[in-house]
Amino acid sequence: MTIFSKIIKGEIPSHKIYEDDKVFAFLDIGPLSKGHTLVIPKEAVATLDQLSDDSAAAIGRVLPRLCRAVMKATGAKDFNILQNNGAAAHQVVMHVHFHIIPKFNDTGLGIDWDPQQFDHTAGAQLAKQIVASLEG
Ligand code: 5GP
């Protein structure tokens, strides 16, 4: 069991922002900026690809509303949604979570974005492989 399951159960305190039967949201204890919020499914799976359609839909339904509330309360006009999957992708807590990170001039998420050359021949082949890999 991860620390987030304990937070959902109330065994570890948190600054709760939202709760319904499938979703829980609370302030991040190590904020990158004022209002940094975590939105998590109650379903305890590690990464997004493992999440059920029901939990995914429940998060999708409430995420924009939570973003609006965080922006309104903090006065931020811009924000990032960050969702890490796996240790190499900077995931530390192995329970699916979406970060809402308000972006101010001096605080928020910094991104090291290093685009590579796109090969259209390889891209066409890869797109076909991904389409074929989609589950029904
Ligand atoms: P990750 O790197 O896994 O995407 O992010 C995990 C996040 O969980 C971090 O931003 C970290 O500050 C936050 N976090 C870890 N433990 C706790 C905790 O006990 N309470 C709260 N509120 N946030 C936590």
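Condition test on Asp106, is it more than 30 Å from Lys6 (Cα to Cα) and open to solvent by 100 Å² or more (accessible area, probe 1.4 Å)?
Answer is yes for this residue.
Return yes or no: is Leu38 open to solvent by less than 20 Å² (accessible area, probe 1.4 Å) and assigned to a helix (DSSP H, G or I)? It would help to see each step written out before you state the result.
Values: open to solvent by less than 20 Å² (accessible area, probe 1.4 Å): yes; assigned to a helix (DSSP H, G or I): no.
Taking the combined requirement at face value, the residue does not satisfy it.
I want to confirm something. Restricting to segment 68-103 and keeping residues that are in a loop (DSSP other than H, G, I, E, B) and in contact with a helix residue (DSSP H, G or I) (Cβ under 8 Å, 6 or more places away or on another chain), which single residue is nearest to the ligand (Cβ to nearest atom)?
Val93
Can you tell me which residue within segment 1-27, out of those that are in contact with a strand residue (DSSP E or B) (Cβ under 7 Å, 6 or more places away or on another chain) and open to solvent by 80 Å² or more (accessible area, probe 1.4 Å), is nearest to the ligand (Cβ to nearest atom)?
His15
Just to be sure, is Gly30 within 21 Å of Asp78 (Cβ to Cβ), loosely packed, with under 15 Cβ neighbours inside 10 Å, within 15 Å of the ligand (Cβ to nearest atom) and modelled with pLDDT of 95 or more? Step through it out loud before you land on a result.
On the way: within 21 Å of Asp78 (Cβ to Cβ): yes; loosely packed, with under 15 Cβ neighbours inside 10 Å: yes; within 15 Å of the ligand (Cβ to nearest atom): yes; modelled with pLDDT of 95 or more: yes.
Against the criterion (within 21 Å of Asp78 (Cβ to Cβ), loosely packed, with under 15 Cβ neighbours inside 10 Å, within 15 Å of the ligand (Cβ to nearest atom) and modelled with pLDDT of 95 or more), Gly30 qualifies.
Tell me yes or no: at least one residue of segment 47-69 is surrounded by 17 or more Cβ atoms within 10 Å (Cβ to Cβ) and in contact with a His (Cβ under 9 Å, 6 or more places away or on another chain).
Scanning segment 47-69, I find no residue that is surrounded by 17 or more Cβ atoms within 10 Å (Cβ to Cβ) and in contact with a His (Cβ under 9 Å, 6 or more places away or on another chain), so the answer is no.
Listed here are the residues, each with its yes/no results for (1) closer than 30 Å to Asp106 by Cβ; (2) of a type in the set (A, V, I, L, M, F, W, C); (3) free of Cβ contacts under 8 Å to residues at least 60 places away in the same chain.
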{"position": "Ile12", "(1), (2), (3)": "no, yes, yes"}
{"position": "Gly30", "(1), (2), (3)": "yes, no, yes"}
{"position": "Ile59", "(1), (2), (3)": "yes, yes, yes"}
{"position": "Leu66", "(1), (2), (3)": "yes, yes, yes"}
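Would you confirm whether or not segment 109-120 contains a residue that is within 20 Å of Ile7 (Cβ to Cβ) and either open to solvent by less than 80 Å² (accessible area, probe 1.4 Å) or among the acidic types (Asp, Glu) (or both)?
So in segment 109-120, the residues within 20 Å of Ile7 (Cβ to Cβ) come out as none.
Scanning segment 109-120 turns up no residue that is within 20 Å of Ile7 (Cβ to Cβ) and either open to solvent by less than 80 Å² (accessible area, probe 1.4 Å) or among the acidic types (Asp, Glu) (or both).
What about Gly136, is it at pLDDT below 95 and open to solvent by 30 Å² or more (accessible area, probe 1.4 Å)?
Judged against the criteria, Gly136 is a match.
Restricting to segment 72-87, name every residue that is open to solvent by 20 Å² or more (accessible area, probe 1.4 Å) and more than 20 Å from Phe4 (Cα to Cα).
Result: Lys72, Ala73, Thr74, Gly75, Lys77, Asp78, Phe79, Asn80.
Would you pick out the residues in segment 33-50 that are among the aliphatic types (A, V, I, L, M) and away from the ligand (no atom under 12 Å from the Cβ)?
Ala44, Val45, listed by residue number.
The values are calculated or read from the model by the stated rules, or taken from the named source; none is laboratory data. The model shown is predicted, which means the values in this text are computed figures rather than measured ones. In this analysis, Cβ positions are derived from the backbone assuming ideal geometry, glycine residues included, and neighbour counts consider all displayed protein chains. Quick note on the areas: whole protein, heavy atoms, side chains included, nothing else; ligands and nucleic acids left out. Shrake-Rupley method; radii C 1.70, N 1.55, O 1.52, S 1.80 Å.
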